[in-house]
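S.K.: First, the structure itself, so that you have it in front of you.
The values are calculated or read from the model by the stated rules, or taken from the named source; none is laboratory data. Nothing here was measured: the structure is a model prediction, and the numbers come from that model. No Cβ is skipped: glycine too gets one built from the backbone with ideal geometry, and neighbour counts run over all protein chains shown.
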Amino acid sequence: MTSRTHDRPKRLGAKLRAVRQHLGVSQTGMMRLLNINCCYTRISEFERGKRQPNILTILAYAKLADICMSDLVDDEAELKF
C-alpha cells in the first residue's frame, strides 16, 4: 500500500486571518460569527496552520467575507475584498 500525501493549502491560515481582520473582529468574535462551539483557541489554531478547518467552516469564512471559497484554498489566488 502506498502512502499518498494530500496537498494542503499553505496560505490558508494567513488568508483566514486576513478575512477576520478585514471583518474587524477578534478571534472570539470570529468564533461567534462562525457559530463554532468549542475551545476559544480554535480560530488561532486555524490561523497558525495547527489545525485545518472543515469544508463547512471554510465555506462560512468565504460567505462572511463575500469571496469565493476557492480563493481561500488556492495558494495562487489573492484575496480581493
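S.K.: Among the numbered conditions (1) assigned to a helix (DSSP H, G or I); (2) at pLDDT below 95, tell me where His6 comes up short.
M.R.: (1) is the only condition that His6 fails.
S.K.: Could I ask something else about it? Taking the residues in the stretch 38-52 that are touching a residue at least 12 places away in the same chain (Cβ under 8 Å) and touching a helix residue (DSSP H, G or I) at 6+ places or on another chain (Cβ under 7 Å) as candidates, determine which candidate is surrounded by the most Cβ atoms within 10 Å (Cβ to Cβ).
M.R.: Among residues in the stretch 38-52 that are touching a residue at least 12 places away in the same chain (Cβ under 8 Å) and touching a helix residue (DSSP H, G or I) at 6+ places or on another chain (Cβ under 7 Å), the one surrounded by the most Cβ atoms within 10 Å (Cβ to Cβ) is Ile43.
S.K.: Between a residue in the stretch 53-79 that is free of Cβ contacts under 8 Å to residues at least 60 places away in the same chain and among the charged types (D, E, K, R) and any residue that is assigned to a helix (DSSP H, G or I) and surrounded by 15 or more Cβ atoms within 10 Å (Cβ to Cβ), which pairs come within a Cβ distance under 8 Å, given they are 6 or more apart or on different chains?
M.R.: Filtered contacts from the stretch 53-79: Asp71/Lys15; Asp71/Ala62; Glu78/Asp71.
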